[in-house]
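Take a look at the structure below.
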Amino acid sequence: QVQLVESGGGLVQPGGSLRLSCAASGSIFSIYAMGWYRQAPGKQRELVANIISGGSTNYADSVKGRFTISRDNAKNTVYLQMNSLKPEDTAVYYCNAETEGEGGYWGQGTQVTISS
């Protein structure tokens, strides 16, 4: 199994920045992709960004140019640097890990609120 622990959410004004962290533990050798999803009230959970084991990344169109996903393999941690935040970025952000043979795992979620 894989355990994911998120941190870094909070309240920030529009135009501000936040960095989310997701530390993985357990069967990390089976992970081939990690990413961030978000879910706003009344909306479906959506992919924000992910990073595949080879290093390729994918971003939602709404965050391209503002968010950057990265990873530190030594720390088994994935980061989401969020800049130029907008009120519409307000959501619960969830870390996700996809594994070979064990399916997907989710973190507990961290609230990100963009408001003046």
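The values are calculated or read from the model by the stated rules, or taken from the named source; none is laboratory data. Everything quoted here is computed from the prediction, not taken from an experiment. Positions of Cβ are backbone-derived with ideal geometry, glycine not excepted, and every protein chain shown enters the neighbour counts. Side chains included, ligands, DNA and RNA excluded: accessible areas come from the protein's heavy atoms. Shrake-Rupley method; radii C 1.70, N 1.55, O 1.52, S 1.80 Å.
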Does Ser21 count as over 18 Å from Gln1 (Cα atoms), modelled with pLDDT of 95 or more and touching a Lys or Arg at 6+ places or on another chain (Cβ under 6 Å)? no
From the residues in region 15-25 that are without any contact (Cβ under 8 Å) to a residue 60 or more places away in the chain and open to solvent by less than 50 Å² (accessible area, probe 1.4 Å), which one is nearest to Glu88 (Cα to Cα)? Ser21
Qualifying strands (runs of 3 or more DSSP E) (wholly inside region 1-44; at least 2 residues being closer than 14 Å to Trp106 by Cα and not aliphatic (A, V, I, L, M)): 2-7, 18-26, 31-39
Being more than 17 Å from Leu4 (Cα to Cα), small (Gly, Ala, Ser) and in contact with a strand residue (DSSP E or B) (Cβ under 7 Å, 6 or more places away or on another chain) is the filter here; which residues of region 37-52 pass it? Ala40
Restricting the search to region 29-56, which residues are of a type in the set (Val, Ile, Thr), surrounded by 15 or more Cβ atoms within 10 Å (Cβ to Cβ) and either modelled with pLDDT under 95 or over 14 Å from Val92 (Cα atoms) (or both)? Ile31, Ile51
List every residue pair whose Cβ atoms sit under 7 Å apart, with the two residues 6 or more apart in sequence or on different chains, where the first one lies in region 61-75 and is small (Gly, Ala, Ser) and the second, anywhere, is open to solvent by 70 Å² or more (accessible area, probe 1.4 Å) and part of a loop (DSSP other than H, G, I, E, B). none
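Every residue, every condition in (1) in contact with a helix residue (DSSP H, G or I) (Cβ under 9 Å, 6 or more places away or on another chain); (2) of a type in the set (S, T, N, Q); (3) open to solvent by less than 20 Å² (accessible area, probe 1.4 Å), yes or no:
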{"site": "Ser70", "(1), (2), (3)": "no, yes, no"}
{"site": "Lys75", "(1), (2), (3)": "no, no, no"}
{"site": "Ser84", "(1), (2), (3)": "no, yes, no"}
{"site": "Thr90", "(1), (2), (3)": "no, yes, no"}
{"site": "Gly101", "(1), (2), (3)": "yes, no, no"}
{"site": "Ser115", "(1), (2), (3)": "yes, yes, no"}
